[in-house]
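Report on one structure; see the data block that follows.
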Amino acid sequence: MTTITLDRRALKALIDADPDFQLQIKNNVIAEVGRRMFEKDAKKIIAQAQPELFAEALIAFQANVDINTMVALALKEHLTVRDSNWYGRVKLSDETKKLIDAAVDKAKHAAITAAVAPIDAEIQKRIQQRLDAMKIDERIEKRVDRLVEEEIERRAHEKFKERWAAVRAAAS
């Protein structure tokens, strides 16, 4: 057994350094005193108790074990089915199989989703990088500008033809 001896000065220094230390010491001392008193009283009560009380407690405990056994048997009967072709063969009931299959499907779906998420994120990232590298907005802007210029040229050319035809007609 390890013994720690603290004189009054050392204990005062510990308490002054950390006020919670005093509370912890008090709690630990009270808990230890209570445990020792309870332990002594419990031993006296057990020694003085009547044998009939122990017999009743034993019967109650056995009844509890019997209840546990009955619950275990009921669960076994509900979860498993004996195959009529083979005496010792036991298989899962259809309900239990459905529950297990549903749980497996759920676990598969969660695993697939968890595995696909980083891949999907990487694909989206690379697509965005490619779009950024291609400078799509700039290319669209240039094409629109080119188409606008072509349309302006076409209309200007038509106006020029109309006016030139009018000038020729006036000159003739």
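Bear in mind that the values in this text are calculations on the coordinates, not laboratory data. In this text, all values refer to a predicted model and were calculated from it rather than measured experimentally. Cβ coordinates were reconstructed from backbone atoms using ideal geometry, including for glycine residues, and neighbour counts include every protein chain displayed.
Taking the Cβ of Glu141 as the centre, find all other residues whose Cβ is under 13 Å away and add up their charges (Lys, Arg: +1; Asp, Glu: -1).
Once positives and negatives cancel, what remains is +1.
So if I take the centroid of the Cα atoms in segment 91-110 and the same for segment 111-153, what is the distance between those two points in Å?
44
Pop out the ³J(HN,Hα) list for segment 157-172 in order, Karplus 6.51 cos²θ - 1.76 cosθ + 1.60 with θ = phi - 60°, rounded to Hz; leave Gly and Pro as x.
5, 5, 4, 4, 4, 5, 5, 5, 5, 5, 5, 5, 5, 6, 6, 8
Amide H to amide H, which residues 5 or more places from Ser93 or on other chains are under 5 Å from it, using H placed in the peptide plane?
Thr80, Val81
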